[in-house]
1. Could you list, ordered by first residue, the pairs with Cβ atoms under 8 Å in which the first is in region 163-190 and under 18 Å from K130 (Cα atoms) and modelled with pLDDT of 95 or more and the second is assigned to a helix (DSSP H, G or I) and open to solvent by 30 Å² or more (accessible area, probe 1.4 Å), at least 6 apart or interchain?
2. Please return the ranges of strands (runs of 3 or more DSSP E) entirely within region 47-158 where 2 or more residues are modelled with pLDDT of 75 or more.
3. Search region 76-102 for residues that are in contact (Cβ under 8 Å) with a residue 12 or more places away in the chain and more than 19 Å from H189 (Cβ to Cβ) and pair each with any residue that is open to solvent by 50 Å² or more (accessible area, probe 1.4 Å) and not aliphatic (A, V, I, L, M) when their beta-carbon atoms are under 6 Å apart and the residues are at least 6 apart or on different chains.
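The values are calculated or read from the model by the stated rules, or taken from the named source; none is laboratory data. Being a predicted model, the structure only gives us computed values, none of them experimental. Cβ sites come from the backbone with ideal geometry, for glycine too, and all protein chains shown count toward neighbours. The accessibility values were calculated without ligands, DNA or RNA, using every heavy atom of the protein model including side chains. Shrake-Rupley method; radii C 1.70, N 1.55, O 1.52, S 1.80 Å.
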Amino acid sequence: MQTKTEELLYLLLWTCDMLARPTFRNLTGSFEGWAYGHGLRRQLAELERRKLLESPASVRDRSRHLERVLRLSEAGRVHALGGRDPEARWARPWDGCWRLVLFDVPNAQAKLRKQLRTHRRRQDFGWLQKSVWISPDPVDLESAGLAGSPRDVQSLIILEGRPGAGESDQEIVAGAWDFSNINRLYAEHGRVLAVCPAKALRGNALAKSFRQWADRERMAWLAAVTEDPLLPAVLLPAGYLGRKAWRKRVRALRDAGALMRTFKSEG
């Protein structure tokens, strides 16, 4: 999705309750409407086409100004959060089993190598060594492109179970994911949150400054959450900053949403 399309979706999220079912929002006279008219106009149709945005009404008032009454779909809300709902991910149960994917796929099977790489990224696998990847979640063979394909255990094998030499879950987590880097990225995001503009958006100059800050906040959050596997709560390491960062973000963006509702255009 293009950057400007992501930005409009993001701004619409802020004026809803991030944790509740998205609500209808009228663009006319709003900050999002101003942004929409200053470079984001083309993105609206793309969001509706991808079913990330719903538009139950589109009418013109007596002054012939277009009114757009919008609602984020649930898919749009999750996408605007970074593609995953952190609370849902942390709250998911874990059955106590680890899934290992070991592969040494030859270059002649480039398509399979690509499918495995894509699936690995989407499923937030941790890297133990060379071509050994691990996850607390069941491996979906269909989404990995492996359903119905012939098996070659010398190239690829998927194992499920528990460590047999006394290794702890905490040791596995520490070895598979770089949580020092993840915490560093969350700390950087916190520094961006700390400088959120506080003045009412009375005029286009302040609105432009706020929009620039919003873009920095979005990019900082995505940088952190993309690296974070969002493990089940029972596996989160000591000192993990993700949940604290999320709570701060929810509060900050609710405040930012309220600030957006102060917007008054200069025309």
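1. D178/E227
2. 98-103, 126-129, 132-135
3. Close Cβ pairs (under 6 Å, with a partner that is open to solvent by 50 Å² or more (accessible area, probe 1.4 Å) and not aliphatic (A, V, I, L, M)) amount to C97/E160; R99/E160.
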